[in-house]
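Read-outs: derived from the displayed coordinates by stated rules, not from any lab. Keep in mind that what you see is a predicted model, and the values were worked out from it rather than measured. For neighbour counting, all protein chains shown are included, and Cβ atoms are generated from backbone atoms with ideal geometry for every residue, glycine included.
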Amino acid sequence: MRSIGQSPPRPDGLAKVSGSARYADDLVFDGLLYGATVRSPHPHARIDSLTCATDEAPAETYCVTAADLPGPNGVQLITDDWPILAGDEVQHVGEPIALVAAPSRLEAARARSLVSASYTPLPAILDMTAAGDHPAHCELEFGDDAVESALAEAETVVEGTYRTGHQEHIYIECQGVTAWFEDDGALTVVGTMQCPYYVHKSLCHAFGLDEDRVRVQASAIGGGFGGKEDYPSMLAIHAALLARASGRPVRMAYDRHEDIIGTTKRHPALVRHRTAVGPAGELLAMDIEVTMDGGAYATLSTVVLSRALLHAAGGYRCPKVHITGRAVKTHTATNGAFRGFGAPQTEFAIERHMDRIANELGLDPLELRLRNALEAGDTLPTGQVLDETTSARLCLERVAEKTDYRRRRQAFADAPTQDDGVPRQGLGIALFFHGAGFTGNGERRMRSPVRARLLSDGRLEAQTAMTDMGQGCVAIFPQMACEGSGLRPEDFHFAQPDTAVVPDSGPTVASRTTMVVGGALVEAVRRLRDAVLAAWSGDSDLEGALTVVDGIVTAESGETWPFDDIARSVHAAHGAIEVTHRHEPPVDQNFDETTYRGSAYPTYAWGANVVEVEVDPDTLQVRAERVDVVCEVGRVIHPTLCTGQIEGGVLQAVAWGLMEEIKLEEGRYLNDRLATYIIPTIRDAPKLHVELLERPWEGGPFGAKGVGELPMDGGAPAALAAIENATGLHLTEIPATPERLYEASAAGENR
């Protein structure tokens, strides 16, 4: 391969590092107004009155409430249960109750202070253990005999309960959109988002507009991590409501404080395990119960829960598995999409549970994992038989070899405990995997289209709805297009995500961009190249096969022509030829979304990591010193960007395990700014060492699998295993703050 496996520079790299890239809040519009949001101070209350004192507001000030909505009061996602603006009741602190717009941010802030509301507080449920269900419940069972019978008959049954909390996205660029109505009533929105067609769908629903009357464009995006999957729909509707009221362009752009209090978070989870284990450490039966806190509204909780359950048994072989899950409603802010989409929560639980089983049996945690690791031909709880690229054992063995895990872990465990203030060291290991693409039949329903179109200048324009939020598809798509067609990067133009131009190739989520949309892109440009050559050879009465390498077309006679010259002549003669190709999932991937039987994903990416920590014996402060991670993601398209994805995901995962914590009091976030919500700085970041293993999957373009979410799944449990190796404390809840270590030590929660 000439392009695949190389690491060309990002085409947008210079603009981003030089500051010339234009993000959502950089765009300039004549007559622009600035929007602001009025929010509830109560977790649950009836709205008794709501008034906007517009007579006291600055000139050109506008106010919108739920009474002004032109259509249904719901953001269209899976359902529309998420109110655009609260009507009769508020269900969480920070819920929007009104919007204002004014000519400047300062005047908008003043106008917001002139909106007054009176409330009658109502009982609030703030703990998910006391909550009722959202409309989301999943259950799957695997094995011929009942799990309960196996648990009753086993000599060894290990039980454990594991908790994970909220996590804030902290993308570099906060949420921001600008909306305006054209003179003919058509609506345009531009802003920072992962899924332009999600926003398009929600706007059509909220305003009752036909699809061709709404246009959504993605600007440059400063990070997403899932937080710009669901929330931009809400923000776009808010901006459009104010634009409709004022007749002017309106920008809604959050600062960091409002971004934290107003947007969705990772779902907190409570996971209970009961596991029957044989004398050699073999897993005999698993009973797993998953509860996830959806917050006040369901939004995407159904599908987050679904993926959580499908990864709950981890990368391990077990003949009898029963998994149940529910998403519950609390009067806390809504939770939504976040990198990993439910899998990090349940994989944290199974990995910590494997460590507990190893302690019960007196086994090395690595040895227990190797004895149970899934291999090709093994069956998942859904009944899916794993393919030949299954790499659980390969990743475990390689990361253990790289880190000298067995010897060093034992040495740390045997180190004498001395009251000398010297930090205690420890190593922890975790195995993880992640299904690539939409769960179940999602990809089959979408059959994501990619369009390729011949331009008059001889270039082929590739049109997809994929946005680049830093993951690098702006670099990877040209590589794949070149490799699939034999053309050069300069022979292509990649259209910006714009619903008026590009087809709905699905959202930029679920580790699907390269594997799913990239595969359709390769086929679309290849077919367009062939159509151009066929038209040209027919016009030229040229016979015989043509080959294309580096943009040069060669005939069997040896005569050559530049492809761009040929393409220009074809456009002049035949116009803008177009080809659309749709993604087709593997024919043998079938999944029953009612019984949860079958192949939930066409393939899986695999990983294992070893985290090394130091624990201060006096302050109990934990510092991650080093992380070694081995990932198998099929064929690696762009090694530098792939490595960067894994490094970023691992750091995000380790930080979730050690320091990232949202504290709530009466439903209100207490640490709602970067001064108090702690994320790792460069001084906190461990040394990261990534090794990429390649086992090309025949269903992916050039053998590629998905990679974006995989590294989020293993960092947290490995970090807590390392703390256990250093201190003997078996923590079951993250983050592992000094306070939690102190409480565990005081309670005698040693292994």
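Data overview
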item: Gain in span if fully extended, Asp183 to Thr681, counting 0.36 nm per residue against the direct Cα distance; result: 174.5 nm
item: Cβ-derived FRET efficiency at R0 45 Å, Glu556 paired with Asp210, nearest 0.05; result: 0.30
item: Net charge dipole size for the chain [Lys, Arg +1 and Asp, Glu -1 on Cβ; Debye, nearest 20]; result: 600 debye
item: Estimated inter-spin distance, Lys663 and Ala53, nm [label 7 Å along Cα→Cβ]; result: 3.4 nm
item: 222 nm mean residue ellipticity, helices alone, for the chain (DSSP H n ≥ 4; -39,500 (n - 2.57); rounded to 500); result: -9000 deg cm²/dmol
item: Gyration tensor verdict on segment 676-747 (Cα atoms; rounded if a/c is under 1.5, prolate if a/b is larger than b/c, oblate otherwise); result: prolate
item: Segment 448-582 - percent relative contact order, Cα under 8 Å, separation 6 or more; result: 38 percent
item: Label-to-label distance, nm, for residues given as Glu743 and Arg626 (7 Å Cα→Cβ offset); result: 3.3 nm
item: Most positive-pole-ward Cα, Ala411, Cys318, Gly435, against dipole of segment 318-472 from beta carbon charges; result: Gly435
item: Cα centroid separation, segment 698-722 to segment 162-228 (Å); result: 27 Å
item: Spin-label model distance (nm) - Ile172 vs Gln496, 7 Å beyond Cα toward Cβ; result: 1.8 nm
item: Cβ-Cβ FRET estimate between Arg527 and Ala576, R0 fixed at 22 Å, reported to 0.05; result: 0.90
item: Whole-number percent relative contact order across segment 265-388, with pairs defined as alpha carbons under 8 Å at least 6 apart; result: 28 percent
item: Set of segment 262-287 residues, backbone N closer than 17 Å to the point 7 Å along the Cα-Cβ line of Ala154; result: 271-287
item: Residues of type aspartates and glutamates that Lys705 reaches as a straight line, Cα spacing below 14 Å, ignoring anything fewer than 8 places off in the same chain; result: Asp387, Glu388, Glu632, Glu694
item: Ranked packing of 742-748, 725-731, most packed first, by mean Cβ within 10 Å; result: 725-731, 742-748
item: Burial ranking of peptide ranges 24-31, 458-465 (average Cβ count within 10 Å, highest at the top); result: 458-465, 24-31
item: Residue-span extension gain [Leu455 to Ala146] - 0.36 nm each, minus C-alpha spacing; result: 105.0 nm
item: Radius of gyration, Dmax [the chain; alpha carbons; angstrom]; result: 27.0, 89
item: Whether segment 253-361 is rounded, prolate or oblate, judged on the alpha carbon gyration tensor where a/c under 1.5 counts as rounded; result: prolate
item: Cα-based Rg / Dmax (Å) for segment 448-582; result: 15.0, 47
item: Cα gyration tensor, segment 1-128 - rounded (a/c under 1.5), prolate or oblate; result: oblate
item: Proximal lysines relative to Lys402, as straight alpha-carbon distance under 20 Å, when same-chain residues fewer than 8 apart are discounted; result: Lys687
item: Partner lysines for Lys663 [C-alpha distance under 22 Å; skip if fewer than 8 residues away on the same chain]; result: Lys265, Lys329
item: Relative contact order (%) - the chain, alpha-carbon pairs under 8 angstrom, separation at least six; result: 16 percent
item: Segment 550-627 and segment 345-363: distance between their alpha carbon centers, rounded to Å; result: 33 Å
